[in-house]
1. Within the range 60-80, is there a residue that is among the polar types (S, T, N, Q), open to solvent by 40 Å² or more (accessible area, probe 1.4 Å) and part of a helix (DSSP H, G or I)?
2. Can you tell me which of L123, L144 is of a type in the set (A, V, I, L, M, F, W, C), under 15 Å from M51 (Cβ atoms) and open to solvent by 60 Å² or more (accessible area, probe 1.4 Å)?
3. Quick test of your reading of the structure: R128 fulfils all but one of (1) open to solvent by less than 10 Å² (accessible area, probe 1.4 Å); (2) more than 15 Å from M51 (Cβ to Cβ). Name the failing condition by number.
4. Would you please name the residue that is most open to solvent (accessible area, probe 1.4 Å), looking only at residues in the range 157-175 that are closer than 27 Å to F15 by Cβ and without any contact (Cβ under 8 Å) to a residue 24 or more places away in the chain?
5. Kindly evaluate I7 against the criterion of being at pLDDT 90 or above, of a type in the set (V, I, T), farther than 22 Å from G155 by Cβ and open to solvent by 40 Å² or more (accessible area, probe 1.4 Å).
6. Six or more apart or on different chains, Cβ under 6 Å: which pairs go from a residue in the range 117-129 that's touching a residue at least 12 places away in the same chain (Cβ under 8 Å) and within 11 Å of S142 (Cα to Cα) to one that's among the charged types (D, E, K, R) and open to solvent by 10 Å² or more (accessible area, probe 1.4 Å)? Could you list them?
Amino acid sequence: MIEVNPILIFFAAIFTSNMIFSNFLGMCSFIAVSKEIPTAIGLGISVTMVMTATTILNYMVYWTILVPFNLEYLMYIIFILVIAAFVQLLEMVLERYLPTLYYSLGIFLPLITVNCAILGVSLFMVTRSYDFMQTVGYSIGSGLGWALAITAMAGIRSKLNEKSIPEGLRGTPITLVITGIMALAFIGFSGMVQIQ
């Protein structure tokens with residue numbers, strides 16, 4: 001196992017190894033839902049909750065069931081099943097207690113199931129041989145990093161709506177250009193902490 005402090009992994013997952021800006025995982029919902037700040041914050045919180053809970057669950061499933069029975073080759077299917085079940089549970093809770101957020105997230109809430117950043121965190125946890133505390137720090141930090149990125153993008157896009165932008169750059173093209181610039185800014189932090 002890698003000997004890195006879990007707190008260090010937590011901060012590195014937010015800034016130097018951000019899921020969006022260094023691994024480019026979870027880009028679909030990042031681009032589609034970053035039009036309004038409240039929706040972006042809601043999705044960011046949901047992704048953080050799902051990422052943290054499912055990574056911890058997947059850690060326990062991997063080390064208590066898959067490894068002892070030599071079933072590691074099933075981890076992709078099992079991890080996806082755990083994520084899908086947890087998202088279904090979250091969807092029911094949001095529909096019951098936070099209907100405004102539920103309807104504003106629309107189709108993107110069930111799509112958290114196929115958010116590759118969530119599966120990516122579970123797989124990185126295995127390939128990097130993190131222990132339990134490192135997994136907790138990595139999953140929370142990755143979720144917060146994803147939420148930070150989508151919220152920042154929503155803020156920038158809401159400001160851009162007030163500006164005149166050439167027709168060919170409106171929508172997805174300007175979002176991809178801004179994502180590239182933000183990724184360059186986050187790469188400036190790389191090398192400070194290595195968790196890979």
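The values are calculated or read from the model by the stated rules, or taken from the named source; none is laboratory data. Not measured: the values here are computed from a predicted model. Positions of Cβ are backbone-derived with ideal geometry, glycine not excepted, and every protein chain shown enters the neighbour counts. The protein model used for the area step is the full one, side chains on, heavy atoms only, and it has no ligands, DNA or RNA in it. Shrake-Rupley method; radii C 1.70, N 1.55, O 1.52, S 1.80 Å.
1. Scanning the range 60-80, I find at least one residue that is among the polar types (S, T, N, Q), open to solvent by 40 Å² or more (accessible area, probe 1.4 Å) and part of a helix (DSSP H, G or I), so the answer is yes.
2. L144
3. (1)
4. Looking at residues that are closer than 27 Å to F15 by Cβ and without any contact (Cβ under 8 Å) to a residue 24 or more places away in the chain, I get K159.
5. yes
6. Cβ pairs passing all conditions: none.
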